[in-house]
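Below is one structure, written out as structure tokens; comments come after it.
The values are calculated or read from the model by the stated rules, or taken from the named source; none is laboratory data. The shown structure was predicted, so the numbers you read here are calculated from the model rather than taken from an experiment. Positions of Cβ are backbone-derived with ideal geometry, glycine not excepted, and every protein chain shown enters the neighbour counts. Just the protein is used for accessible areas: all its heavy atoms, side chains included, with ligands, DNA and RNA removed. Shrake-Rupley method; radii C 1.70, N 1.55, O 1.52, S 1.80 Å.
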Amino acid sequence: MSPLVGKRILLVISGGIAAYKCLELIRSLRAAGASVRAVLTPAATQFVTPLSVAAITEDKVFSDLFSLTDESEMGHIRLSREADLVVVAPATADLLARMAAGMANDLALTALLATDKPILCAPAMNVRMWEHAATQANVVTLAGRGVRFVGPDVGDMACGEYGPGRMAEPDEILAAIAQHFACGQRLANRRALVTSGPTREPLDPVRFLSNRSSGRQGHAIAAALARFGARTQLVSGPTALPDPPAVQVVHVETAQQMLAACEQALPVDIAVCAAAVSDWRAAEPQPDKIKKEAGAAPEPLRLVENPDILATLSRAATRRPTLVIGFAAETSRLLDNAVEKRRRKGCDWILANDVSAATGTFGGETNEVHLISADGTELWPRMSKEAVAERLAFAIAEALEAHP
Ligand code: C5P
């Protein structure tokens with residue numbers, strides 16, 4: 001049976017030339033068993049008529065925020081909530097910018113801001129608009145909030161240029177939607193714990209030891225596990241990231257607080273330790289700000305070792321998670337060090353990545369990882385941190401399905 005049977009899709013159509021492809025998308029979604037309700041931006045009505053969309057959805061089409069009839073029949077909040085998934089196709093540069101800014105200046109944007117449902121965007125625009133730093137920053141912001149993307153594809157564009165910017169074909173969008181619903185069940189009834197971000201170890205009330213971890217990979221993993229249906233708790237050190245959707249988040253500062261929060265979260269089926277935990281903390285954090293004495297040499301800083309959260313979870317005598325996964329961020333002898341780390345920490349899998357400065361992995365948008373397990377080593381191609389998270393969620397679902 002298609003995973004789309006009985007699913008309710010809210011399709012937001014914005015004003016791009018690719019809007020005409022929506023008719024085919026709606027037809028395929030309905031043929032697969034989904035119902036589709038459409039919201040058009042005012043610009044979209046220049047590319048596709050509300051009448052043709054209404055005919056194909058066999059439903060009323062919504063487009064006007066200030067229409068008394070629309071609001072009395074179906075308020076914009078209800079419109080956005082009475083869906084299982086919101087699909088934006090085409091998602092123009094303008095629409096993505098307004099979404100990223102949290103604007104609500106037409107019915108489509110109001111529904112997108114009010115929704116508590118997952119959102120999938122199919123961008124479509126001129127290649128230079130897609131590649132513009134502003135659009136890319138908007139995509140990163142939206143992805144950080146859990147918005148998913150399909151495409152854009154590379155190809156000839158209506159404007160005569162060639163490159164990335166073509167909206168994904170209706171078949172591809174349909175496959176992404178089907179995959180979304182298929183995945184949502186795979187880790188249902190499972191519990192997951194993810195650590196993310198750096199820790200901060202105080203030296204005094206104003207200073208701390210920390211590191212450059214952005215938390216992006218860990219947050220993306222928590223979001224992916226939640227999308228796959230796992231009840232997910234994220235224990236996060238200080239980051240600039242928003243809390244991922246549908247994830248319970250505990251904010252901590254120090255390694256000791258992180259360990260305590262992880263132990264509180266047990267029992268879980270899956271534990272992914274993606275946090276860059278400070279190995280050391282000050283032996284005696286000072287209650288008052290340490291003063292610089294004129295002419296005096298600074299006091300040496302005495303450090304003590306922090307608890308190893310990954311090793312503690314891996315070696316727990318009771319309530320050990322079924323699958324414990326750690327990261328090995330290395331700058332040399334990547335695989336040897338990672339294999340050795342897996343053995344030393346006692347975890348099941350290690351995701352090994354090269355974080356030497358030239359790779360731009362730390363704080364960057366992409367990651368190239370090796371998955372090291374008892375079965376050997378698998379190299380994954382360089383991809384976005386969200387894609388690494390998705391692939392890891394797949395691998396986890398597969399492993400747990402094989403050993404229920
Ligand atoms: O030993 P190293 O820091 O390289 O190990 C990295 C892995 O161990 C990561 O998965 C990290 O989250 C975890 N770790 C931990 N607690 C520590 C140190 C590392 O959970 N104190």
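Kindly establish whether residue 28 is at pLDDT 95 or above, assigned to a helix (DSSP H, G or I) and more than 18 Å from residue 142 (Cβ to Cβ).
On the way: at pLDDT 95 or above: yes; assigned to a helix (DSSP H, G or I): yes; more than 18 Å from residue 142 (Cβ to Cβ): yes.
Yes.
Which one is least open to solvent (accessible area, probe 1.4 Å), of the residues in segment 43-63 that are more than 18 Å from residue 16 (Cα to Cα) and in a loop (DSSP other than H, G, I, E, B)?
Let us first name the residues in segment 43-63 that are more than 18 Å from residue 16 (Cα to Cα), namely 54-60.
Going one step further and asking which of them are in a loop (DSSP other than H, G, I, E, B), we end up with 58-60.
Details: 58: 139, 59: 49, 60: 71 Å².
For segment 43-63, the residue satisfying everything is 59.
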>> Just the residues that are in contact with a strand residue (DSSP E or B) (Cβ under 8 Å, 6 or more places away or on another chain) and not hydrophobic (A, V, I, L, M, F, W, C), please, taken from segment 236-252.
In response: 236, 237, 238, 239, 243, 244, 248, 251
> Can you tell which of 265, 276 is more than 13 Å from the ligand (Cβ to nearest atom), buried (at least 19 other Cβ atoms within 10 Å of the Cβ), under 22 Å from residue 216 (Cβ atoms) and small (Gly, Ala, Ser)?
Replying inline: 265
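For segment 368-383, name all the residues that are surrounded by 15 or more Cβ atoms within 10 Å (Cβ to Cβ) and of a type in the set (Val, Ile, Thr).
Here is the first cut: in segment 368-383, the residues surrounded by 15 or more Cβ atoms within 10 Å (Cβ to Cβ) are 368-373, 380, 383.
Within segment 368-383, 369, 372 qualify.
Taking residue 319 as the residue in question, decide whether it is more than 12 Å from the ligand (Cβ to nearest atom) and under 24 Å from residue 402 (Cα atoms).
When the stated conditions are applied, residue 319 passes them.
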> Which numbered condition trips up residue 303, out of (1) away from the ligand (no atom under 14 Å from the Cβ); (2) surrounded by fewer than 18 Cβ atoms within 10 Å (Cβ to Cβ)?
Replying inline: (1)
> Out of all the residues in segment 7-17, which are modelled with pLDDT under 95 and either out of contact with any helix residue (DSSP H, G or I) (no Cβ under 9 Å at 6 or more places or on another chain) or in a helix (DSSP H, G or I) (or both)?
Replying inline: 17
>> Being open to solvent by 10 Å² or more (accessible area, probe 1.4 Å) and either part of a helix (DSSP H, G or I) or hydroxyl-bearing (Ser, Thr, Tyr) (or both): is that true of residue 97 here?
In response: yes
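Being open to solvent by less than 50 Å² (accessible area, probe 1.4 Å) and not assigned by TED's automatic domain parsing to the domain that holds residue 365 is the requirement here; does residue 143 meet it?
On the way: open to solvent by less than 50 Å² (accessible area, probe 1.4 Å): yes; not assigned by TED's automatic domain parsing to the domain that holds residue 365: yes.
Spelling it out, residue 143 is indeed open to solvent by less than 50 Å² (accessible area, probe 1.4 Å) and not assigned by TED's automatic domain parsing to the domain that holds residue 365.
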> Residue check, residue 322 against (1) open to solvent by 50 Å² or more (accessible area, probe 1.4 Å); (2) β-branched (Val, Ile, Thr); (3) touching a helix residue (DSSP H, G or I) at 6+ places or on another chain (Cβ under 6 Å), all met but one. Which one?
Replying inline: (3)
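What number of residues within segment 221-264 satisfy the criterion of being among the β-branched types (Val, Ile, Thr) and in contact with a Gly (Cβ under 7 Å, 6 or more places away or on another chain)?
Quick first cut of segment 221-264, residues among the β-branched types (Val, Ile, Thr) only: 221, 232, 235, 239, 247, 249-250, 252, 254.
Pick out the ones that are also in contact with a Gly (Cβ under 7 Å, 6 or more places away or on another chain) and you get 239, 252.
Going through segment 221-264 one residue at a time, the tally reaches 2.
Rundown of residues vs (1) loosely packed, with under 12 Cβ neighbours inside 10 Å; (2) of a type in the set (S, T, N, Q), yes/no style:
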{"residue": "299", "(1), (2)": "yes, no"}
{"residue": "327", "(1), (2)": "no, no"}
{"residue": "340", "(1), (2)": "no, no"}
{"residue": "350", "(1), (2)": "no, no"}
{"residue": "356", "(1), (2)": "no, yes"}
> Pick from segment 104-124 the residues that are modelled with pLDDT under 95 and in a loop (DSSP other than H, G, I, E, B): which of them is surrounded by the most Cβ atoms within 10 Å (Cβ to Cβ)?
Replying inline: 106
> Of the numbered conditions (1) basic (Lys, Arg); (2) free of Cβ contacts under 8 Å to residues at least 60 places away in the same chain; (3) under 27 Å from residue 201 (Cα atoms); (4) more than 9 Å from the ligand (Cβ to nearest atom), residue 341 satisfies every one except a single condition; which is it?
Replying inline: (4)
> Quick one: is residue 390 under 22 Å from residue 228 (Cβ atoms), open to solvent by 60 Å² or more (accessible area, probe 1.4 Å) and not polar (S, T, N, Q)?
Replying inline: no
> List pairs: first in segment 136-160 and in contact (Cβ under 8 Å) with a residue 24 or more places away in the chain and at positive phi, second open to solvent by 50 Å² or more (accessible area, probe 1.4 Å) and of a type in the set (Val, Ile, Thr), Cβ under 8 Å, 6+ apart or cross-chain?
Replying inline: none
